[in-house]
Amino acid sequence: MQKPKPPQTLSAGVRRLTLEAAGVTLSCLLAEPSDGTPRATVLAVHGGGMTAAYFDGQAHPDLSLLTLGARLGFTVLAVDRPGYGLSAGQLPDGQTLAEQAVVLEAVMERFAAGHATGAGFFLLAHSYGGKLALMTAAHGMGALAVDVSGCGHRYAAEPDDLRRIRSGAHWGRNWGPLRLYPPETFRAIGAVVAPMPAREAGEIPRWTAIFEELAPRVPTPVRLTFAEHEAWWLHGERDIAEITSRLASAPVVRVEGQPGAGHNISLGWAARAYHLRALAFFEECLAGPRPQAGARTASRLDAGPGPGQDALAPPG
């Protein structure tokens, strides 16, 4: 069970919220537009070993997705996934991806019952949360679009590294060069990190097979971002081609690179740029007309290939 933590500092306009969803008590962070009328609702889903506070970074005012989204007219709801935050006591071993997808659907239903959501829900997710967002979308659970950072389909890590993922031995893979983050990042990290529950850690080696099964069933626009210093995932030209080909039912698949970023993009200096691009993608999905089925783009934004990777895909 997670140890109690000191109260988390929140950005101005961000408040705590508790939701009961599919029998699970979840802690959340919420930011809403000042006029109370959102264009849509961004459901932010954190990665493994993190919490919802990932999306309200306190090391610099430019980091918070919650405050930026609210200023731009979106409601942003960042949820502590099952096994994190308030639900850690109820689910000390966490849940599988399939179980979490059921909870995430219930979160959307429960939140919409008591709050204005605008046009509906966008899923913005990081790392392990990206897996959950894609699975939730594949289940046809009503998301308008999915934006994922730090998640591919084939690992750049060796199997032994994956089995040791709960040990905390992968600092370099998780962060990349420390210069990519504001100086206060690692002094303010206590509210952001949390132990990864055993059941979700146990599924990590199976992700490639899970992706192969669910990807053809994702019916919504998808945008994927890989950091310049992404070290967990293969994201060369051939890897990107495989990913986009698997997402055959998505009306558009966009793959981009984020310069000057490590795996934890939303905690680094590049956070604001990434969040603005993600919200711009959601704006495009709202504005229409809807893209034709099969549209594919791969723009790496001069990020440069990672070690041992192919040359980057050119703009589509």
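The values are calculated or read from the model by the stated rules, or taken from the named source; none is laboratory data. In this text, all values refer to a predicted model and were calculated from it rather than measured experimentally. When we count neighbours, we look across all protein chains shown, and the Cβ atoms used for this are built from the backbone with ideal geometry, even at glycine. Note: areas computed on protein heavy atoms with side chains; ligands, DNA, RNA excluded. Shrake-Rupley method; radii C 1.70, N 1.55, O 1.52, S 1.80 Å.
Numbers below:
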{"item": "Close pairs (7 angstrom Cβ cut-off, 6 or more residues apart or separate chains): modelled with pLDDT under 95 in region 9-34, open to solvent by 60 Å² or more (accessible area, probe 1.4 Å) and part of a loop (DSSP other than H, G, I, E, B) anywhere", "result": "Thr9/Gln58"}
{"item": "Among residues of region 85-111, those that are hydrophobic (A, V, I, L, M, F, W, C), in a loop (DSSP other than H, G, I, E, B) and open to solvent by less than 20 Å² (accessible area, probe 1.4 Å), counted", "result": "0"}
{"item": "Residue in region 211-228 that is at pLDDT below 95, within 13 Å of Cys151 (Cβ to Cβ) and among the aromatic types (Phe, Trp, Tyr) present", "result": "no"}
{"item": "Yes/no for Pro82 being more than 22 Å from Thr185 (Cα to Cα), within 16 Å of the chain's Cα centre (by Cα), open to solvent by less than 20 Å² (accessible area, probe 1.4 Å) and at pLDDT 95 or above", "result": "yes"}
{"item": "Residues (open to solvent by 30 Å² or more (accessible area, probe 1.4 Å), not hydrophobic (A, V, I, L, M, F, W, C) and not in a helix (DSSP H, G or I)) located in region 172-213", "result": "Pro177, Pro183, Glu184, Arg187, Pro195"}
{"item": "Flag if Gln95 is under 21 Å from Arg206 (Cα atoms), of a type in the set (S, T, N, Q), more than 16 Å from the chain's Cα centre (by Cα) and modelled with pLDDT of 95 or more", "result": "yes"}
{"item": "Filtered residue count, region 234-288, keeping only those that are touching a His at 6+ places or on another chain (Cβ under 6 Å) and more than 18 Å from Arg179 (Cβ to Cβ)", "result": "1"}
{"item": "Yes/no for Leu77 being farther than 19 Å from Thr136 by Cα and among the hydrophobic types (A, V, I, L, M, F, W, C)", "result": "no"}
{"item": "Breaking point among (1) outside any loop (DSSP other than H, G, I, E, B); (2) surrounded by fewer than 19 Cβ atoms within 10 Å (Cβ to Cβ), for His60", "result": "(1)"}
{"item": "Residues of region 23-39 classified as on the phi < 0 side of the Ramachandran plot, outside any strand (DSSP E or B) and in contact with a helix residue (DSSP H, G or I) (Cβ under 9 Å, 6 or more places away or on another chain), total", "result": "5"}
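One line per residue, one yes/no per condition, for (1) open to solvent by less than 30 Å² (accessible area, probe 1.4 Å); (2) in contact with a strand residue (DSSP E or B) (Cβ under 7 Å, 6 or more places away or on another chain); (3) among the charged types (D, E, K, R):
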{"position": "Pro216", "(1), (2), (3)": "no, no, no"}
{"position": "Thr220", "(1), (2), (3)": "yes, yes, no"}
{"position": "Arg223", "(1), (2), (3)": "yes, yes, yes"}
{"position": "Glu228", "(1), (2), (3)": "no, yes, yes"}
{"position": "Ala241", "(1), (2), (3)": "no, no, no"}
{"position": "Ala250", "(1), (2), (3)": "yes, yes, no"}
{"position": "Val255", "(1), (2), (3)": "yes, yes, no"}
